[in-house]
Amino acid sequence: MNKKLFLSMCIAPVAAMAFQVGAWVGGPGQYPQPTQENVQAFQDLQGTHLDLISYFALFNINDWNATEEYANVAKNNGSTLVVTWMANGYGAQDLVDGKADEYIRDYAKGVKNYGEEIWLRPLHEANGDWYDWGVGKEGAGNTDANVAEAFRHIVKIFREENVENVKWVWTTNASNAGKGSTLTGNYPGDEYVDYISIDGYNWGKCQSWSSWQTFTQVFKKAYNALANIDKPLFIAEISSSELGGNKAEWITDMFEHFATDFSRVFAVMWFSQSKEANEGDWALNTSQAAVDAWKAGIAKMKALESNTAIKPTGRAAGNSFRLQDGKLYMQTDKALKASVVQFDYQGRILWQSAVQHFTPGVHAIDAPEANSRSIYKLSIKQ
C-alpha cells in the first residue's frame, strides 16, 4: 500500500492547511437555502461534518440581516460561511464609481458587529459572460482593469470600517467566456486577497453544446494559470453531470488529483443542487455510487492527513522542514519508509529521491536546488 503525504511549500511557503470539505447544500424547492435542516441533511448524506457552508447573497436584496441567519447556522454547526457576494445590476465601473457604496458599507458594518469569521467572494467568475460584472459580457463595459479595481474598492470600504473578521476570496471560472476575458487578468493583487478559488463543472451531455470532460480537462488550465499567485487555493464550486459518463468515477478521479498534481487545493465545495433543464443534475445524490465516491474521497484525504508525520513550516509553526545549503531538512515524529518528491505548482515532477528508512528525528536529505515555487511531497511506503 502506498500513501502519498504532502508537505508545505519551501523557501517562500504557503502555510500547510488541513483539507476542508464544503458544499452548497441544496434542499427542497426551487430556491433552497443552507438552513440548519438542509445542512444536517447533507452532513447525514456524506457521513461527516461540513467545514465550509456556501451561501449566495445578492447586492441590494440580501443585506447583512438576511445573511446573518445563515452565518448563525454555520456558526452553530462549527462551520465557516462562504458568501458568494453577487453584484447583480452593477457593472464593474458602477462599483468603482461608488454606486453601491451605501449597501456595501452597511454590509461591512454588519459583518464587523457580527464578529465571527466570514469568507466573502465578490465578483466571482468575472472571466465569463453571464454576470453583470463579467469581462466577457457584451456591451457591459467591463475590463480586467476595472473589475480588479472594483474588487479593491469593495475591500477598501471594509477597511475604512475597520472590519477584521473577513477573508477575501478571489474566484476565476475554470474557463473563459466572451471577448477579452482571461483567467487571471482581473486579479486585484495580493494585498486584497486572502484565498484564491476556481469554479468549474463537468456538464457532460446535459446540454446540446456540452460534452463529457474529465476533472483535468475542466480544471487543469485554470489551476496552471493560478500557479504564480502565492495564495492558498480551493475549489469553491464543483459538480458533475451523470449524463455522458460515470459521475462516481469522475468524483473518485477528482480526489486522486487532489492527492497528486492538484495538491495546492486545500478545500472543495460541492454544488449540490440539480436545476431545471437550463442547467444540470448537479446534486451529489443523483446516484448512490456518486455519494459513495464522495464519501470515499473525503476519507482518503483525511487518512492522508492523519498519517502525516511532518510538521508544518514557514508561516505555519516551527522550522522543522526547510531547505538549507542544498539539503532538505525534515523532522519526523515516527519511523518512516518513504521517498521525497519535488514538483512545481503545475504538478510537474522535478525530482524524486530513492526510498529511505527514516527514524524519528531530523534528517538531512540531498536535494537539487529549488526555487520559491517548489513543493515537496512525502510518499510513504507501507
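Observations on the model:
- Total residues in region 248-303, condition of a type in the set (Lys, Arg) and within 30 Å of residue 352 (Cβ to Cβ): 3
- Boolean, residue 48 is open to solvent by less than 10 Å² (accessible area, probe 1.4 Å) and touching a residue at least 60 places away in the same chain (Cβ under 8 Å): no
- Positions within region 332-362 being modelled with pLDDT of 75 or more, open to solvent by 40 Å² or more (accessible area, probe 1.4 Å) and in a strand (DSSP E or B), in sequence order: 337, 351, 352, 356, 357, 362
- When residues of region 51-104 are limited to those that are under 27 Å from residue 270 (Cα atoms) and among the β-branched types (Val, Ile, Thr), the one most open to solvent (accessible area, probe 1.4 Å): 61
- Exactly one residue among 184, 172, 143 is in contact with a Leu (Cβ under 6 Å, 6 or more places away or on another chain), hydroxyl-bearing (Ser, Thr, Tyr) and without any contact (Cβ under 8 Å) to a residue 60 or more places away in the chain, and that residue is 172.
- Selection from region 232-259 of residues that are of a type in the set (S, T, N, Q) and surrounded by fewer than 22 Cβ atoms within 10 Å (Cβ to Cβ): 246, 252
- Residues that are of a type in the set (A, V, I, L, M, F, W, C) and open to solvent by 60 Å² or more (accessible area, probe 1.4 Å), drawn from region 260-295: 277
The values are calculated or read from the model by the stated rules, or taken from the named source; none is laboratory data. What you are looking at is a predicted structure, and each value in this text was computed from that prediction instead of being measured. Cβ atoms come from the backbone with ideal geometry, glycine included; neighbour counts cover every protein chain shown. Please note that ligands, DNA and RNA were not included when accessible areas were found on the heavy atoms of the full protein model with its side chains. Shrake-Rupley method; radii C 1.70, N 1.55, O 1.52, S 1.80 Å.
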